Amino acid sequence: MLRIQTYILPDAVKYTLLALLLLLAGPIYGQEVGSDASTLGEPGIIGTIVLGAMIVMVAAFIAIFRVITLFKKTNENRQLRKWEYLKEVIVKLERGDLEKIIKERAESVKVAISALTFSNLMASTSSKIRYALVHTEHPEIEALLRRKNERLHYQLSGTELGSHLSSDDPRGLVVSQTKDISSPIFDEKQDANFKIVTDQNLVRVVLAYIATSVFWLLFGTFIGLLLGVKFILPDLDGLPFLSFGRIRPVHTNAVFWGWTSLAMIGLGYFVVARTSNTKIYSMHWAWGALILMNLSVTIGTIALMAGVNNGGGEYREYVWPIMALFAVGLILTFANFYKMVARRATREIYVSNWYIFGACIWTIVLTIIGYLPFYQEGLGETIIQGYYMHQGVGMWFMTFTLGLMYYFLPSALNKPIYSYALGILAFWTQMLFYTLIGTHHFVFSPIPWWLQTIAIVFSAGMFIPVFAGTTNFLLTMRGSFSQIGRSYVLPFMLVGVIFYFIGSVQGSFQAFRFTNFVWHFTDFNVAHSHMTMYGIVSFFLWGCIYALIPKLIGKQPSQLLVGVHFWLSFIGLMAYTFALMVGGTLKGLSWIEGAPFIESVVLMVPYWLWRAIGGSFMFFGHLVFWYNIHQVYKGWKDMRLKTA
């Protein structure tokens, strides 16, 4: 018997989506490039300016939270140097903490309470309280700790409140009672700093995929930094294999198929296994896919630097035998995921698995279509290129990472996703609208006008999954924003969510004919691609990695260095994207005015400098990320898992 499960959307969401569709119905069909209209008055330009302002507001929001946290920690340190405050802390100590403090005080060097210093301002409150109680010299502290210890060790004989009479409790003060004095009632508490207990084969697979992905992140972004420097120092070197035309696809393919893909798949193995309550179906398939994918990126990198490539196909520069290795690895990965879900111990298929399955299926189809040669002649190749390029970003990277977020965001917040129905709505509308928007990269080209219009209409339709997904994530985070100042996992996820909204909406605005007329072929497109692939996908992945890997191994990275990674990457991204958005706009306007091409090159020099500065910040952030992961991995051999 077929059981159909329905999902009911809240009324407010229904009316919001209806209003959005009505607003979008008018201007997306008959756009023209008019000379009378003001450039800044165009909807796409206005929308992009508003979205840029939102990025600045988010940056200010996070910075303000950090400053507030800094002031709180500074005030906390002042409080810990006051005896009256420490007395209140001692009264509230639990038995286990008190015993450890008494034991450590016997061997510690003690100083006056006013002379206490704390090496790490951002350390947790509990660790600083413990340090203060261990090292404080005060005439009353020993007696106070002793009396507290005696009170905690005092036990009733078991007969004080017992008798043969039934309890008479008209005020409801007695919560429960027992007649077995050898088994007293107690409150069970759960330790928040837990380690995840899971299959060790799964742990090894996840850690291997993440480790190799970090290598490709460092390699790929180092090449990207070199590319940025070449814009301002074009005569930096004269080596053929380091020429711009060769290493540009090395950069994009290394971060696409090396860093992002391997990190997603590694995290995906954990999510699929965890939500299905099962083990990896085939370890041979998992390891085989890892070897094939790394082999594909390695050989592909060597081939590209040697000048062997697939011609003008952006993001498909690997020749087909090399890409076939990656495709076989992807097929093995999907087969593994499918078998795991098929053998699940749960009744429902969790929403994360919908996204992960959709991403794998579409990308297998995409790879085949992108590399079949017999219909790719002339404009046919152009249309397939638009399809391949945009599907790779939207149906592989974006869809997969959204699936990861539907697991890791609720897990990090310890609460369920706000709406399962919104998640399914976002999934199916993503599947519908994203498939036909690739040709908006070729507006005003010789491809059929109706095909360009379809791409623009479907680009506007992408507002629906973007609004649904962003709403779902933000409402899941509702009530937990105060935790941002105490967590470095949540800021990564919050930035990813904000850029998911801003980058996706800006991409839809950019598909309109006028904005395409201004920005096409300019550096604005480079800013947009980094806003999405870096601001959304990479920040999502970093948040998920920091949320999972320390719990698998049982060792936490330095919170200070995680913060350094966050701010270097975030500030670098802001400098990079804003510089190229402004410079790209000015370049496009200079072309419209008919200025000589060389003027637009000279115009871009200061913006290319900021591109290199922003890229440097991002790369140094990646070095810190590598160090953090390296430090966590060092504790793997000594890992001792406990039941959460």
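Which ones in region 337-353 are in a helix (DSSP H, G or I) and open to solvent by less than 70 Å² (accessible area, probe 1.4 Å)?
Of everything in region 337-353, those that are in a helix (DSSP H, G or I) and open to solvent by less than 70 Å² (accessible area, probe 1.4 Å) turn out to be Phe337, Met340, Val341, Ala342, Val351, Ser352, Asn353.
Residues of region 235-274 being touching a helix residue (DSSP H, G or I) at 6+ places or on another chain (Cβ under 8 Å) and open to solvent by 60 Å² or more (accessible area, probe 1.4 Å), which ones?
Leu236, Pro240, Phe241, Phe244, Arg246, Arg248, Arg274
Per-residue answers, yes or no, for (1) crowded, with 18+ Cβ neighbours inside 10 Å; (2) within 16 Å of the chain's Cα centre (by Cα); (3) on the phi > 0 side of the Ramachandran plot:
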position	(1), (2), (3)
Ser538	yes, yes, no
Tyr546	yes, yes, no
Val562	yes, yes, no
Thr577	yes, no, no
Met581	yes, no, no
Ala595	no, no, no
Glu599	no, no, no
Val602	no, no, no
Trp608	yes, no, no
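Before we move on, is Ile223 in a helix (DSSP H, G or I), β-branched (Val, Ile, Thr), over 25 Å from the mean Cα position of the chain (by Cα) and at pLDDT 90 or above?
no
Report, ordered by the first and then the second residue, all pairs with beta carbons closer than 8 Å, sequence separation of six or more or different chains, a first member in region 308-324 that is outside any loop (DSSP other than H, G, I, E, B), and a second member that is of a type in the set (Val, Ile, Thr).
Ile322/Ile299; Met323/Thr367
Give the residue, chosen from Leu24, Leu2, that is farther than 30 Å from Lys148 by Cβ, at pLDDT below 75, touching a Phe, Trp or Tyr at 6+ places or on another chain (Cβ under 7 Å) and not aromatic (Phe, Trp, Tyr).
Leu24
Out of the residues in region 292-307 meeting the condition of being in contact (Cβ under 8 Å) with a residue 12 or more places away in the chain, among the aliphatic types (A, V, I, L, M) and surrounded by fewer than 16 Cβ atoms within 10 Å (Cβ to Cβ), tell me which one is nearest to Tyr387 (Cα to Cα).
Leu295
Say we look at region 433-457 and pick out the residues that are closer than 27 Å to Met493 by Cα and among the hydrophobic types (A, V, I, L, M, F, W, C); which of these is least open to solvent (accessible area, probe 1.4 Å)?
Ile437
Identify, by number, the condition in (1) surrounded by fewer than 22 Cβ atoms within 10 Å (Cβ to Cβ); (2) in contact with a Phe, Trp or Tyr (Cβ under 7 Å, 6 or more places away or on another chain); (3) free of Cβ contacts under 8 Å to residues at least 60 places away in the same chain that Tyr387 doesn't meet.
Condition not satisfied by Tyr387: (2).
Of the conditions (1) modelled with pLDDT of 90 or more; (2) crowded, with 24+ Cβ neighbours inside 10 Å; (3) of a type outside the set (D, E, K, R), Thr515 clears all except one; give me its number.
(1)
The values are calculated or read from the model by the stated rules, or taken from the named source; none is laboratory data. Only a predicted model underlies this, so the values are computations on that prediction, with no experimental measurement involved. Virtual Cβ from ideal backbone geometry, glycine too; neighbours counted across all protein chains shown. The area values use the complete protein model at the heavy-atom level, side chains included, leaving out ligands, DNA and RNA. Shrake-Rupley method; radii C 1.70, N 1.55, O 1.52, S 1.80 Å.
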